[in-house]
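For reference, the structure discussed in these notes is given below.
The values are calculated or read from the model by the stated rules, or taken from the named source; none is laboratory data. The model shown is predicted, which means the values in this text are computed figures rather than measured ones. Reconstructed Cβ throughout: ideal geometry from the backbone, glycine too, with neighbour counts over all protein chains shown.
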């Protein structure tokens, strides 16, 4: 008798220092003030099947008015600054995160306009403008497949795919 296991390609695993993640959430909380979206690019290095976050670049550092409206909006010049920063620091964009007023679901605009339109890009959404305690299972984790298609991970799946090192947050 032969048994086999179906093999599927898991979403990319992301690792981050717990202290850096906690500082990022605090920044999002403060920047949004509980009344508007805020966000950042998660920077670091990519290895085969794994990403490690080592730095954060908030959207407002790329564009002063990125958070001016009820939603995050970055122009082409902001992305030129992002790529220049990555080159200068020898970093890659490993993911992005932004906040939503209520839940952690993607909006129609989020699905149609990925921050990095490359298959495999990871986008996180933190609920309630990141106010209060936001644990990994509270996040929405979305992996871009290309052609405006995404894989969605929520609840305990996020904790399996996103690992905090050096303690938990």
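Tabulated data
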{"read-out": "Test: residue in the range 82-89 that is surrounded by fewer than 18 Cβ atoms within 10 Å (Cβ to Cβ) and either within 14 Å of the chain's Cα centre (by Cα) or farther than 26 Å from residue 18 by Cα (or both)", "value": "yes"}
{"read-out": "Residue list for the range 37-51, restricted to those being closer than 18 Å to residue 107 by Cα and either out of contact with any helix residue (DSSP H, G or I) (no Cβ under 8 Å at 6 or more places or on another chain) or in contact (Cβ under 8 Å) with a residue 60 or more places away in the chain (or both)", "value": "37, 38, 39"}
{"read-out": "Residue within the range 106-125 that is assigned to a loop (DSSP other than H, G, I, E, B), in contact with a helix residue (DSSP H, G or I) (Cβ under 7 Å, 6 or more places away or on another chain) and modelled with pLDDT of 95 or more present", "value": "no"}
{"read-out": "Within the range 139-153, tally of residues that are surrounded by fewer than 19 Cβ atoms within 10 Å (Cβ to Cβ), out of contact with any helix residue (DSSP H, G or I) (no Cβ under 8 Å at 6 or more places or on another chain) and over 10 Å from residue 105 (Cα atoms)", "value": "5"}
{"read-out": "Residue 65 being surrounded by fewer than 16 Cβ atoms within 10 Å (Cβ to Cβ), out of contact with any helix residue (DSSP H, G or I) (no Cβ under 6 Å at 6 or more places or on another chain) and not in a helix (DSSP H, G or I)", "value": "yes"}
{"read-out": "Selection count where residues are at pLDDT 85 or above, surrounded by fewer than 21 Cβ atoms within 10 Å (Cβ to Cβ), closer than 17 Å to residue 100 by Cα and in contact with a strand residue (DSSP E or B) (Cβ under 9 Å, 6 or more places away or on another chain), scope the range 26-59", "value": "4"}
{"read-out": "Condition met for residue 161 (touching a residue at least 12 places away in the same chain (Cβ under 8 Å), under 19 Å from residue 24 (Cβ atoms) and buried (at least 18 other Cβ atoms within 10 Å of the Cβ))", "value": "no"}
{"read-out": "Flag if residue 120 is more than 19 Å from residue 38 (Cβ to Cβ), more than 16 Å from the chain's Cα centre (by Cα) and in contact (Cβ under 8 Å) with a residue 12 or more places away in the chain", "value": "no"}
{"read-out": "Count - residues of the range 90-102 that are more than 15 Å from the chain's Cα centre (by Cα) and either assigned to a strand (DSSP E or B) or surrounded by fewer than 16 Cβ atoms within 10 Å (Cβ to Cβ) (or both)", "value": "3"}
